[in-house]
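The structure appears below as structure tokens.
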Amino acid sequence: KIAQWFHYNHGNTISTTSDSKENVQDILSTFRSMAAARPRKQSALSLYYERYCKKKIKVKFDAAWPSLKASSPGVPQIQMCNDFVQAEWESETEAFQKEIEGQVEKSFH
């Protein structure tokens, strides 16, 4: 990607004149501006999946998989999995959901 960006902004050749210092400074300033961007905030659902997938979600999904597969032919497996995780999230207590949402806020700030 760096090479594509450089080619787009500066053409095919690298100059050996004083322009090259400006080009390097331009690249470095672009990197600095990219690094300064804030990370995206993780959703409570993705944190829930990340933390509890192996402990409880996968076990329930594996048990429900044959019936899910039979009831929804043609639906991609990843969509079934996402829908299942969403349903599990919604079945959790409100206090548990608030705790996960608090952890998301804490890790974002």
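The values are calculated or read from the model by the stated rules, or taken from the named source; none is laboratory data. Not measured: the values here are computed from a predicted model. Glycine also receives a Cβ, built like all others from the backbone with ideal geometry; neighbour counts cover every protein chain displayed.
Checking each residue in region 54-94 for being over 24 Å from Ala44 (Cα atoms) and either among the polar types (S, T, N, Q) or exposed (fewer than 13 other Cβ atoms within 10 Å of the Cβ) (or both) picks out Ala63, Pro66, Ser67, Lys69, Ala70, Ser71, Ser72, Pro73, Gly74, Val75.
Residues that are of a type in the set (A, V, I, L, M, F, W, C), over 13 Å from Glu88 (Cα atoms) and surrounded by 10 or more Cβ atoms within 10 Å (Cβ to Cβ) within region 24-46 comprise Val24, Ile27, Leu28, Phe31, listed in sequence order. The sole residue among Ala64, Ala37 that is under 30 Å from Ile100 (Cα atoms) and modelled with pLDDT under 75 is Ala37.
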